[in-house]
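Report on the following structure.
Rule-based calculations on the coordinates, nothing more; no lab input. Predicted model only: the values in this text are computed from it and were never measured. Here the Cβ is made from the backbone with ideal geometry for all residues, glycine too, and neighbour counts use every protein chain on show.
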Amino acid sequence: MKQVIVIVLLVLFGCGKSNKASEKDEVKTNWSQQKRAQYLSNRNDSTAWDNQMLSNDKQLIGIGELGPFEIGVFPVPKYELLGADSFKGLGNKNGDFQIGDKAIIMNSFFVGKNELNKARLNDRTDDLFFQILVLTDTLDTENYNLNKSIAISRNHPDYLAQGFVKTKTQTIDYVAFTTAENTAYAIVNTRLFDLSFGKAILIAPQKDGTLKSLQIKSPDLTSNSVMEYTFTLKNKPKIIKFFNNKDTI
């Protein structure tokens, strides 16, 4: 098993609920509609932009395939305009596993504990907002060109993750995002997932070219607990059956 931790630093990549639900989330996230409006105003105000960050981000132009979207370099507001310590890091943790007779690639993405989410995280140091496990029939253990991803903080206080896994005949593209209001969604090859119903998405390509998915309601996870949780998943009969069905690749 290969395990990699990628922390996306500020200078590198930092790139409809009911009213009742929104009010509840505001308490949990130290966020409000007024702050959202100010943030959107700052996006359109050139005096609020972080020009040094924009200059650094130009290295990302044409960087190559890192998911379904080409990396866009936009001017963004200074992170500190949302308050000191409103951003404390973003990253991912991944690995490859054997489940039954099948090779599985796992990737997960997390946001560091900060002033905006600390009320919700309590004693957790970070918050995992998306995990994906993809069945594959081929692994590139030298160049890792068949499995790439990136976590992007440039929509701070909202965060985006994207990547892909290539099998012998298909590409599984995915993108996920989480907002300061604590909503999160993912798209995998045009299938939409509301992550409030489960942050773990399992994808099993089939021999006929179709895909099957399984959404798992996982506990609150961190970058430190996701591997242990994945090991518990890989031993569950339901998960083994899902990936080892006779019709999977």
Worksheet entry | Helix-only mean residue ellipticity at 222 nm for the chain, each DSSP H run of n ≥ 4 adding -39500 (n - 2.57), per residue, nearest 500 | -5500 deg cm²/dmol
Discussion item. Working only with C-alpha atoms, what are the Rg and Dmax values of the chain, expressed in angstrom?
Written reply: 18.5, 59
Worksheet entry | Gap separating the Cα centres of region 66-129 and region 216-249, nearest whole Å | 20
Discussion item. Within a 10 angstrom radius of the beta carbon, how do Thr178, Thr136, Thr47 rank from fewest other beta carbons to most?
Written reply: Thr47, Thr136, Thr178
Discussion item. Report, in listed order, any pair from Lys93/Lys236; Lys113/Lys148; Lys88/Lys236 with a Cα-Cα distance greater than 31 Å.
Written reply: Lys88/Lys236
Item to complete: Name all residues of region 65-97 having a backbone nitrogen under 19 Å from the label point set 7 Å from the Cα of Asp45 along its Cα→Cβ direction, giving them as ranges.
Response: 75-87
Worksheet item: For region 67-147, what class follows from the C-alpha gyration tensor (a ≥ b ≥ c being the square roots of its eigenvalues): rounded when a/c is under 1.5, otherwise prolate if a/b is larger than b/c, else oblate?
Response: oblate
Fill in: Ranked Glu80, Glu181, criterion: other C-beta atoms within 10 Å, fewest first
Glu80, Glu181
Worksheet item: What net charge do the residues around Trp49 carry, taking every other residue with its C-beta under 12 Å from that of Trp49, with Lys and Arg at +1 and Asp and Glu at -1?
Response: 0
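What shape does region 168-249 have by the C-alpha gyration tensor, where a ≥ b ≥ c are the square roots of the eigenvalues, rounded means a/c under 1.5, and otherwise prolate means a/b greater than b/c and oblate the rest? Walk me through the numbers before you get to the answer.
On the way: a/c = 2.33, a/b = 1.29, b/c = 1.81.
The shape class here is oblate.
Let's test the formula: R0 of 45 Å, r as the Cβ-Cβ distance of Lys168 and Gln52. What FRET efficiency results, to the nearest 0.05?
0.55
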Response to the item:
Candidate cut points under trypsin sites (Lys or Arg not before Pro) in region 131-182, DSSP loop plus at most 15 other Cβ atoms within 10 Å of their own Cβ, are Lys168
